[in-house]
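The block underneath contains the structure these notes are about, expressed in structure tokens.
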Amino acid sequence: MPERPNQYLGEALTHAVLQRRREAVRTHQEEALTEVQGHLSTQRVIANELDDGIRTLSTHREELHRLESEANDGSLLAALVRPFTARRTALARSSVTEALVVRYEAVSVRLREATAFSDELKLTALELQQEVDRLHRELGESLHNQRVAAQRVLQAQEALDALDANAELSPEQKDRRRDRFGFDLRTETVALDLHKAASEHCRNHLPAARSLRDTVLQLHEEMAAYVLGATHTVNAAGRRIQGLGMLADAPTVVAELQESLDALQEAMEATAAYVETSQDLVAKVLPELAARVAAAGEAGAAVTEADLRMLNREKRRAMAERALREAAEEEISDLLGDL
Amino acid sequence: MSLDAARISPYVRALSGALDALAPNDEYVPLAEAKDHLHALDPAVSGDLLAPYEIEASTGMPAYGWLERARAEAVLARRNAPEPSDAEIERARGLDGALGARMQARRDLHRHLREARLLPSLRLHGAARRLEPVDAALVYDRLAPDGRWVRVRAELRLAGTTDGIRVRPQGRLVLDPALQHLFTRHATVALGGLWETLERATGGTLQRLSRGFLGPFWYPGMERDPAVPQALYSGLLLHSSIEVFGTDVDGDRHLDPYQSAGAAETVPEGCGRYRERRFAATAAVEPHVQAWSQDHGMKCVVVPIGRRRRRL
């Protein structure tokens, strides 16, 4: 809570400052939206590439199965033919280990890419949370300042009202004070309205800022969980692919490699689900986000000085009282954690 | 198996120092690639980006998965994406310390990897040494399944272009990818068998065939091979081993206390065979290695780790 309850907090607010804040938030949110669009697009690309990589890696399962059948073929004909076919196919036969290692390395690169991207998402989410925090802080300051301005308007109004009934003052003294109080009244009324506009500005932009943050958080959570699971599975497969390559495609190798590829099947299913989620995010979340940011930018047009000049004393009093009431309601909501 | 994070930097630096001490020649994988790769694994460069820090339990060498993560990062590093500035990293660190540390580690690692050459998981290349007749050298490098680093080097005489090898007029060799598959399938079979397979597949005549391993790397506390004295694990001990069949090798020399001479393997006619194991050892383990070698009736080369090498 502010240490000086009757003093304004933060920078002095003018129309120019308020306009600058509006522009800054609007620009920032548009940039953030572009960044989120980029993240969504990158996520989709990475997810698709991983899906392709893991799918291709797992297709070697069939080749392994064929090798296992050949190696286990104990028929007389197979035994007689094997030396000749082996010689003929010395160069023609490809190494399953070689093919698996190449594919595994391609998937490994994609996983590293996804890991780095997960960090980028986290950074963006943290920056967007910082923006939400800043809007909350500015809202708190604006509400406080609104209350201070409202109290000052009422004080100036009361002083003006009391002036006419004061018989002790000379007409010149009354004129001088009336000018002073009148000036204070108009100045504080403008301040009240500016702080009110500042509060509105923060309130309008908070939902869009929250949505942006939540979208990126969701992307990060999904990507981090996916990367963790996929890395574990792919690494386990990699250990077997490399570790068993020593035996050069022998049948005992094949059976264990098949187990690894079964594990890859699970990773592939998880990837497919992840790709679907990311496509859903692009299709549904992005248009909603764009609409929210646009709506926040359009809301809360600046109060013009012409509007302020139209305000008569009664309206000013009513406005100040309303501002105090709203500030009190805000405090209660704040205490209840409902802001 | 995994090592504690605190032991990783000392581990990779010790292995790198041991490689320096061994000074492997071109019958082993390139020293620069091995050291660049180890530097990338060092948490002082890559933080925890390449975790988990997996070690092959039986050989004490970095596991394939750990090495592969560095290779995958190298692919990303060479894309030359804009790197974060100091200010951006500081800003991220202010928001989340661990995230800022990872961004810093990724930037440092990528800077290293853009300049580095890493050990390949599988690689075959060849060069002509003479054109008439064609003498060619094929070099196959691999991260072996047990974690050791292996190079197979074949020198062969060709009657011209064959199924697997085309000889360009200026002497450049174009290798059929199938030849690399052949090496991958047969790289670890008995050397005599590999000799026969290569001659059959390429139609050439082998002059010399060698297979050199770097590793295992033994250190206190690791899984011990019960066939060797406990004392060999009392310090750091890196092995390099080589087996050579060649027309330029006389007789059959066996200087490897860790491998038995074995039954008489068929040596191609006109060839000799040579097998040797060398060691890089810290002071605590050096006398034990010497004693163990002498017990096997041989004197092995043991170079000290971390001290000035004696001239051998």
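General remarks:
- Qualifying residue in the stretch B:118-140 (condition: within 28 Å of residue B:11 (Cα to Cα), modelled with pLDDT of 90 or more, assigned to a loop (DSSP other than H, G, I, E, B) and more than 11 Å from chain A (Cβ to nearest Cβ)): yes
- In the set (1) among the acidic types (Asp, Glu); (2) under 30 Å from residue A:288 (Cα atoms); (3) crowded, with 17+ Cβ neighbours inside 10 Å, residue A:184 fails one condition alone, (2).
- Only one of B:54, B:68 that is touching a helix residue (DSSP H, G or I) at 6+ places or on another chain (Cβ under 6 Å), crowded, with 17+ Cβ neighbours inside 10 Å and either among the small types (Gly, Ala, Ser) or farther than 23 Å from residue B:281 by Cα (or both): B:68
- Odd one out for residue B:150 among (1) within 11 Å of chain A (Cβ to nearest Cβ); (2) over 18 Å from residue A:101 (Cβ atoms); (3) surrounded by fewer than 22 Cβ atoms within 10 Å (Cβ to Cβ): (2)
- One residue stands out among those in the stretch B:153-178 that are at the interface with chain A (Cβ under 7 Å from one of its Cβ atoms) and either touching a helix residue (DSSP H, G or I) at 6+ places or on another chain (Cβ under 8 Å) or closer than 23 Å to residue B:266 by Cβ (or both): the one that is surrounded by the most Cβ atoms within 10 Å (Cβ to Cβ), which is B:164.
- Conditions (1) over 23 Å from the mean Cα position of the chain (by Cα); (2) among the aliphatic types (A, V, I, L, M); (3) facing another protein chain (nearest Cβ under 10 Å): number failed by residue A:159: (3)
- Only a single item in (1) assigned to a helix (DSSP H, G or I); (2) more than 7 Å from every other protein chain (Cβ to nearest Cβ); (3) not polar (S, T, N, Q) is not met by residue B:182, and it is number (2).
- Hey, residue A:128 within 22 Å of the chain's Cα centre (by Cα), more than 9 Å from chain B (Cβ to nearest Cβ), crowded, with 20+ Cβ neighbours inside 10 Å and modelled with pLDDT of 85 or more or not: yes
- Failed item in (1) surrounded by 14 or more Cβ atoms within 10 Å (Cβ to Cβ); (2) away from every other protein chain (no Cβ under 14 Å); (3) under 22 Å from residue B:29 (Cα atoms), with residue B:234 passing the rest: (3)
- Count - residues of the stretch B:187-222 that are crowded, with 22+ Cβ neighbours inside 10 Å, more than 14 Å from chain A (Cβ to nearest Cβ) and free of Cβ contacts under 8 Å to residues at least 60 places away in the same chain: 1
Yes/no matrix, rows are residues, columns are (1) touching a residue at least 12 places away in the same chain (Cβ under 8 Å); (2) over 28 Å from residue B:74 (Cβ atoms); (3) in contact with a Phe, Trp or Tyr (Cβ under 9 Å, 6 or more places away or on another chain); (4) of a type in the set (Val, Ile, Thr):
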| site | (1), (2), (3), (4) |
| --- | --- |
| A:111 | yes, no, no, no |
| A:114 | yes, no, yes, no |
| A:122 | yes, no, no, no |
| A:132 | yes, yes, no, yes |
| A:141 | yes, yes, yes, no |
| A:145 | yes, yes, yes, no |
| A:149 | yes, yes, yes, no |
| A:161 | no, yes, no, no |
| A:180 | no, yes, no, no |
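- Among the residues of the stretch B:79-97, the ones that are free of Cβ contacts under 8 Å to residues at least 12 places away in the same chain and either within 12 Å of chain A (Cβ to nearest Cβ) or not acidic (Asp, Glu) (or both) come to 12 in all.
- Boolean, residue A:119 is within 14 Å of another protein chain (Cβ to nearest Cβ), farther than 16 Å from residue A:320 by Cβ and assigned to a helix (DSSP H, G or I): yes
- Hey, residue B:129 surrounded by fewer than 16 Cβ atoms within 10 Å (Cβ to Cβ), in contact with a Lys or Arg (Cβ under 9 Å, 6 or more places away or on another chain) and not aliphatic (A, V, I, L, M) or not: no
- Which numbered condition residue A:50 misses (of (1) at pLDDT below 75; (2) assigned to a helix (DSSP H, G or I); (3) more than 27 Å from the chain's Cα centre (by Cα)): (3)
- Checked against (1) at the interface with another protein chain (Cβ under 8 Å from one of its Cβ atoms); (2) surrounded by fewer than 17 Cβ atoms within 10 Å (Cβ to Cβ), residue B:101 meets all criteria but (1).
- Positions within the stretch B:248-300 being loosely packed, with under 15 Cβ neighbours inside 10 Å and under 21 Å from the mean Cα position of the chain (by Cα), in sequence order: B:259
The values are calculated or read from the model by the stated rules, or taken from the named source; none is laboratory data. Predicted, not measured: the structure shown is a model, and the values here were computed from it. Note that each Cβ is placed from the backbone with ideal geometry, even for glycine, and that neighbours are counted across all protein chains shown.
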